[in-house]
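Shown next, in structure tokens, is the structure this report addresses.
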């Protein structure tokens, strides 16, 4: 499009007489209105390195009790004995009492009256039969939520079954006393039944080790 003075002459319109348009200071070319083209460059996305999985907590060695939570737990009181050694002895004594191999009265003074009453009641309700097999401590863990408190979990083997204990120790008079106990015994298989046989259901009764407080 051209501009001559104040008149506009778009393409296709007849020109003035003379047949041509002469340039003069009054004639100017209008600037282009189309925006300048730009090229956008997209960079290559960087691959995100895989996140390393958190390290697994090592399992305790068989027959050993370890202290867990050293990074966040509270240290035990200085006047109390080593909780790991005490927990190992206590786990064996509690297991034998729960299975009827040790009289509950032998633990008087080492457990609270509530725990002692629960063990004595379990022994009274235990059906007559051969004594339980020898109990062996497989592993255990101890953590200190408070300076005079130790929470213990232990796994023991009695014959072909496993006994799991969870108990609480509290410091009193320079020693540890068991104030709470939970016990669970894995179900046993019937004689002559295979592990996958319907005669040995997985939901069998837990036996004489569950829920002692």
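Numerical summary
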item: Subset tally (residues that are over 17 Å from residue 156 (Cα atoms), in contact with a helix residue (DSSP H, G or I) (Cβ under 9 Å, 6 or more places away or on another chain) and crowded, with 19+ Cβ neighbours inside 10 Å) for the range 81-115; result: 4
item: Per-region count, the range 139-168, residues closer than 12 Å to residue 77 by Cβ and part of a strand (DSSP E or B); result: 4
item: Enumeration of residues in the range 108-117 that are more than 13 Å from residue 183 (Cβ to Cβ) and either touching a residue at least 60 places away in the same chain (Cβ under 8 Å) or not in a helix (DSSP H, G or I) (or both); result: 108, 109, 110, 112, 114
item: Filtered residues of the range 78-97 (kept if part of a helix (DSSP H, G or I) and touching a strand residue (DSSP E or B) at 6+ places or on another chain (Cβ under 8 Å)); result: 83, 84, 85, 86, 87, 88, 90, 91, 92, 94, 95, 96
item: Failed item in (1) surrounded by fewer than 17 Cβ atoms within 10 Å (Cβ to Cβ); (2) modelled with pLDDT under 90, with residue 132 passing the rest; result: (1)
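The values are calculated or read from the model by the stated rules, or taken from the named source; none is laboratory data. Values in this document were obtained by computation on a predicted structure and should not be read as measured data. Using ideal geometry, Cβ is built from the backbone for each residue, glycine included, and neighbour counts are taken over all protein chains shown.
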